[in-house]
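Engineer: First, the structure itself, so that you have it in front of you.
The values are calculated or read from the model by the stated rules, or taken from the named source; none is laboratory data. Quick caveat, the model's predicted, so the values are computed rather than measured. Positions of Cβ are backbone-derived with ideal geometry, glycine not excepted, and every protein chain shown enters the neighbour counts. These accessible areas exclude ligands, DNA and RNA; they are computed on the full protein's heavy atoms, side chains included. Shrake-Rupley method; radii C 1.70, N 1.55, O 1.52, S 1.80 Å.
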Amino acid sequence: GRVEMNKAIVSPTDPLLFSECLSQDRKVRALPLSGHVGLDALPDQLVNKSLGQGFCFNLLCVGETGIGKSTLMNTLFSTDFENLESPHFEPRGKLRARTYGLRENGVQLKLTIVSTIGFGDQMNQQDSYQPIVDYVDAQFESFLQEELKIKRSLHNYHDSRVHVCLYFIAPSGHSLKSLDLVTMKKLDRKVNVIPVIAKSDTISRAELHSFKMKIMSELVSSGVQIYQFPTDDETVAGINGVMNGHLPFAVVGSTEAINVGNKLVRGRQYPWGVVQVENGSHCDFVKLREMLISVNMNDLREQTHARHYELYRRCRLQEMGFRDTEPNRKPASLHQTYTARRQEYLREFHGVEEEMKQMFVQKVKRTEAELKDAEEELQFRFERMKRLHQQEKKRLEEKRRILEEDMNSFNKMRAAVELLQAPSFSTAGKKDKDHKK
């Protein structure tokens, strides 16, 4: 077909000119409907499809060992996840991911909980954040590689991109550690960061309020951008605006049921009383659960895809050589970009190949020269040893000759002496016989 625009006839066989003409007029004209069409059923279709497919949610817990990450997850989702003891002697921090299937009132959720192990336990904490950053980037890269495939299967692909990071802050009551600031700064452009004060029942209410103010002040002064609950939707703008003022949430986790006033509540028993987890005057656990799951879970998923993943995707595609427009402001062709990038890669490859060949030739020549020098050195040593051997052989042969001459002279002298002594022995014998007679 053809598109008529501004009294010009444009054929779609010219994709560049066709796209330019389509981009000139983006106004949408509203038209009335004269009868029932069925558009109002679209939301129900989406709901039914979503209920059938289920949802996925990936949560990253960052905090030092023993700060209460596992307990808070059990409390948050009202279940008992498998909790493995984490040692304090890990040479390097690492992450452990576990995926679970949850179901509530017909809604299925594939939940992945990623927890840090040994975070901040090392003497040298300079690169403690690196395993976390590498894990988040690895999930983005895995999704990008699936998108770039010719035959994609995104409908049944397990999306492992991290949707939210709960950063657990130790209840010191003083200020944030430098490791906390550096780690959140490294993560704020990659994931939605929500700071929480763990085990907040260990400090007083006045200290907690002052601690919250100090944390937010340090985050702002350090340029750390934590996740802010959206206020652009009228249905949740009010509650989200109020809850933004309660950040960071001070939470307490517990799965223990305690009888308080003939009523079982989840809490922590102390000699002076009971800290109720779901009591808003005791901690902010209910606020965290409502904001994280009931109100803003979908926004966290959308922000991950539309903001953090898009930033990673744009940077990676730019590294690969792709761009939206050419230097002359014309839309970039994917085929042309691929061809140009491939030619550039081939040139680089041939250049590197030629360089490696030259290096190999030089190395072979250098090795041959070294072997030749070694051979000459061995030949020289062989000739010298040969000469020394011949000289030694001549010397020994001369000594042997002299020795043989001496032995011959000695034997001749001995034979002569024996001949001289033989007649005297016979005469002396005769004289002895006559004397006896």
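Engineer: Suppose every K and R has +1 on its Cβ and every D and E has -1 on its Cβ; what is the size of the dipole of region 50-122 about the Cα centre, in Debye to the nearest 20?
Structural biologist: Here region 50-122 has a charge dipole of around 260 debye.
Engineer: Another one. Apply the Karplus curve 6.51 cos²θ - 1.76 cosθ + 1.60, θ = phi - 60°, to the phi angles in region 270-279 and return the couplings in whole Hz, x for Gly and Pro.
Structural biologist: 10, x, 8, x, 10, 8, 8, 5, 9, 9
Engineer: With only alpha-carbon atoms in the gyration tensor, what are the semi-axes of the equivalent ellipsoid for region 202-289, in Å, largest first?
Structural biologist: The answer is 29, 18, 9 Å, longest axis first.
Engineer: Kindly write out, for region 262-269 in residue order, the coupling ³J(HN,Hα) from the Karplus curve 6.51 cos²θ - 1.76 cosθ + 1.60 (θ = phi - 60°), rounded to whole Hz, with x marking Gly and Pro.
Structural biologist: Those phi angles translate into 6, 9, 7, 10, 7, x, 10, 8 Hz.
Engineer: Going from most exposed to least, what order do Tyr135, Tyr309 have by accessible area with a 1.4 Å probe?
Structural biologist: Of Tyr135, Tyr309, the descending order of accessible area is Tyr135, Tyr309.
Engineer: Sticking with this one: Would you please give the residues with an amide H less than 5 Å from that of Ala250, counting only those at least 5 places away or on a separate chain, with H modeled from the backbone geometry?
Structural biologist: HN-HN under 5 Å from Ala250: Ile197, Asp284.
Engineer: Quick one, which of (i) 1.04; (ii) 0.99; (iii) 1.49 is the actual Rg/Rh (Cα atoms, Kirkwood Rh) calculated for this model?
Structural biologist: Matching entry in (i) 1.04; (ii) 0.99; (iii) 1.49: (iii).
Engineer: If you average the C-alpha positions of region 397-411 and of region 56-129 separately, how far apart do those two centres end up, in angstrom?
Structural biologist: That distance is 98 Å.
Engineer: Okay, next question. Can you list residues from other chains, or at least 5 along the same chain, whose modelled amide H is less than 5 Å from the amide H of Gly267?
Structural biologist: Here Glu256, Ile258, Val277 satisfy the definition.
Engineer: Which value, in debye to the nearest 20, describes the size of the charge dipole of the chain about its Cα centre when Lys and Arg Cβ atoms bear +1, Asp and Glu Cβ atoms bear -1, and nothing else is charged?
Structural biologist: Value, rounded to 20: 2160 debye.
Engineer: Kindly work out what percent of the DSSP beta bridges joining two residues of the chain are antiparallel, to the nearest 5.
Structural biologist: If I count the DSSP bridges inside the chain, around 55 percent turn out antiparallel.
Engineer: Probe radius 1.4 Å, ligands and nucleic acids ignored: give me the carbon and sulfur share of the accessible area of the chain as a rounded percent.
Structural biologist: 54
Engineer: Next question, about the same structure. If I stretch the segment between Val352 and Arg366 completely, what's the gain in nm (0.36 nm per residue apart, minus their alpha carbon distance), one decimal?
Structural biologist: 3.0 nm
Engineer: Would you tell me the accessible area of Lys110, worked out with a 1.4 angstrom probe on the heavy atoms of the protein chains, in Å² to the nearest 10?
Structural biologist: 90
Engineer: A further question follows. How big is the gap, in Å, between the Cα center of region 276-294 and the Cα center of region 194-272?
Structural biologist: Rounded to whole Å, the Cα centres lie 7 Å apart.
Engineer: Let me ask you something else. So what J values fall out for region 67-83 if you push phi through Karplus, 6.51 cos²θ - 1.76 cosθ + 1.60 with θ = phi - 60°, rounded to Hz, Gly and Pro as x?
Structural biologist: Karplus values, whole Hz, x for Gly and Pro: 8, x, 5, 5, 5, 5, 5, 4, 6, 5, 9, 6, 8, 10, 7, 5, 10.
Engineer: Quick one: how many Å² of Met297 are accessible to a 1.4 Å probe, rounded to 10?
Structural biologist: Accessible area, nearest 10 Å²: 30 Å².
Engineer: With every protein chain kept in place and ligands, DNA and RNA left out, what is the accessible area per residue of region 266-415? Probe 1.4 Å, answer in Å².
Structural biologist: 80
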